[in-house]
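Report on the following structure.
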Amino acid sequence: ITGDVELSEDAEYFFRGYSPVRSEKTVELPLEISKTAAAADSSLQQGSHNISEEKETGSDDVFLDSESAVLIDLDEGTIIAERNADIAVYPASMTKVLTMLVAEEQIKDRNGTFTITRYITDLTFSQSLSAVSWEVGETVTLADLEYGTVLPSGADAAIGMARYSVGSEDKLVELMNKRVRAMGLSEHTVFTNVTGMYDDNQTVVLTDMAMIMKAAVSNKRLLEVMRTGEYT
């Protein structure tokens with residue numbers, strides 16, 4: 001960590017002093033890709049799909065289609081189970097967890113509104129991004145943006161969160177990367193956009209993503225939104 005980066009209060013729980021470690025009990029999850037994974041592959045590029053799991057093991061065995069996975073005991077700082085946990089992957093819509101966390105930390109006025117622009121609708125349509133699908137000129141509340149980002153994984157809502165909180169996507173991305181550095185995460189975790197849209201340069205290490213999620217659930221408002229199952 002360079003000297004000009006101010007560590008966050010929870011930095012002690014992250015890398016540079018809190019690096020989840022492997023033990024003799026750490027389980028290495030075997031890689032077994034089912035037909036479901038192949039069918040869902042294209043949808044996963046945008047971080048959202050709704051395909052029922054076809055494999056039934058008939059036992060208590062854990063079955064994961066994901067090529068990478070990690071389960072961490074945050075109290076003990078130990079990795080319980082993993083599969084390719086230290087490689088950099090494309091975060092897709094998991095990006096929105098950090099988008100929401102940093103945006104929530106920046107918002108000063110919770111009573112304002114936001115108007116959907118043509119740029120937002122054109123981008124989500126042209127890139128086939130998951131979206132709430134608001135219309136151009138539609139005015140929405142902050143709560144709409146929050147729940148729209150999390151529940152349908154709306155790229156339009158995520159862009160709205162960036163613009164509502166700090167004025168632009170670029171500014172929020174800058175703050176997102178500063179937040180990552182302040183938490184002491186690895187140099188291989190880098191964000192270039194707020195939506196999770198595919199970018200060669202946007203990557204995250206799974207153990208870092210776990211630390212980002214830990215910070216996210218420590219934010220009361222974000223936890224409330226993420227716990228919600230339905231919003232109108």
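The values are calculated or read from the model by the stated rules, or taken from the named source; none is laboratory data. Keep in mind that what you see is a predicted model, and the values were worked out from it rather than measured. With ideal geometry, Cβ positions are generated from the backbone for all residues, glycine too; neighbour counts draw on all protein chains shown. Note: areas computed on protein heavy atoms with side chains; ligands, DNA, RNA excluded. Shrake-Rupley method; radii C 1.70, N 1.55, O 1.52, S 1.80 Å.
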## Note on the structure
Within segment 200-232, residues open to solvent by 50 Å² or more (accessible area, probe 1.4 Å), at pLDDT 95 or above and under 18 Å from Leu175 (Cβ atoms) come out as Asn201, Arg221
### Task
Return yes or no: is Glu174 touching a Lys or Arg at 6+ places or on another chain (Cβ under 9 Å) and either farther than 18 Å from Ala88 by Cβ or modelled with pLDDT of 95 or more (or both)?
no
### Query
Of all the residues that make up segment 189-203, how many are part of a loop (DSSP other than H, G, I, E, B) and in contact with a helix residue (DSSP H, G or I) (Cβ under 9 Å, 6 or more places away or on another chain)?
10
### Query
Conditions: (1) among the hydroxyl-bearing types (Ser, Thr, Tyr); (2) closer than 23 Å to Ala88 by Cβ; (3) assigned to a helix (DSSP H, G or I). Ser186 meets all but one. Number of the miss?
(3)
### Query
When you scan segment 117-147, how many residues do you find that are open to solvent by 50 Å² or more (accessible area, probe 1.4 Å), touching a residue at least 12 places away in the same chain (Cβ under 8 Å) and charged (D, E, K, R)?
3
### Task
Could you check Ala88 against (1) at pLDDT below 95; (2) under 22 Å from Val217 (Cα atoms) and say which number it fails?
(2)
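Residue-by-condition table, conditions (1) surrounded by 13 or more Cβ atoms within 10 Å (Cβ to Cβ); (2) more than 22 Å from the chain's Cα centre (by Cα); (3) closer than 17 Å to Thr232 by Cα:
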| position | (1), (2), (3) |
| --- | --- |
| Thr95 | yes, no, no |
| Glu105 | yes, no, no |
| Thr115 | yes, yes, no |
| Thr149 | yes, no, yes |
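Being closer than 23 Å to Glu67 by Cβ and small (Gly, Ala, Ser) is the requirement here; does Gly229 meet it?
When the stated conditions are applied, Gly229 does not pass them.
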### Counted residues, segment 151-177 - those being over 14 Å from the mean Cα position of the chain (by Cα) and either closer than 12 Å to Tyr231 by Cα or acidic (Asp, Glu) (or both)
4
### Scope segment 162-192; condition buried (at least 18 other Cβ atoms within 10 Å of the Cβ) and more than 27 Å from Pro20 (Cβ to Cβ); matching residues
Ala162, Arg163, Tyr164, Ser165, Val166, Glu169, Leu172
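Which ranges mark the strands (runs of 3 or more DSSP E) fully within segment 53-169 that have 3 or more residues being among the hydrophobic types (A, V, I, L, M, F, W, C)?
Details: elements: 69-73, 78-83, 113-115, 139-141.
By residue number, 69-73, 78-83.
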### Summary
A careful count of residues in segment 213-226 that are in a helix (DSSP H, G or I) and either over 14 Å from Gly148 (Cα atoms) or over 15 Å from the mean Cα position of the chain (by Cα) (or both) gives 9
### Message
Of the conditions (1) in contact with a Phe, Trp or Tyr (Cβ under 9 Å, 6 or more places away or on another chain); (2) closer than 16 Å to Leu206 by Cβ, Ala69 satisfies every one except a single condition; which number is it?
### Response
(1)
### Query
Which condition does Met197 not pass, out of (1) touching a residue at least 60 places away in the same chain (Cβ under 8 Å); (2) open to solvent by less than 40 Å² (accessible area, probe 1.4 Å), if it passes all the others?
(2)
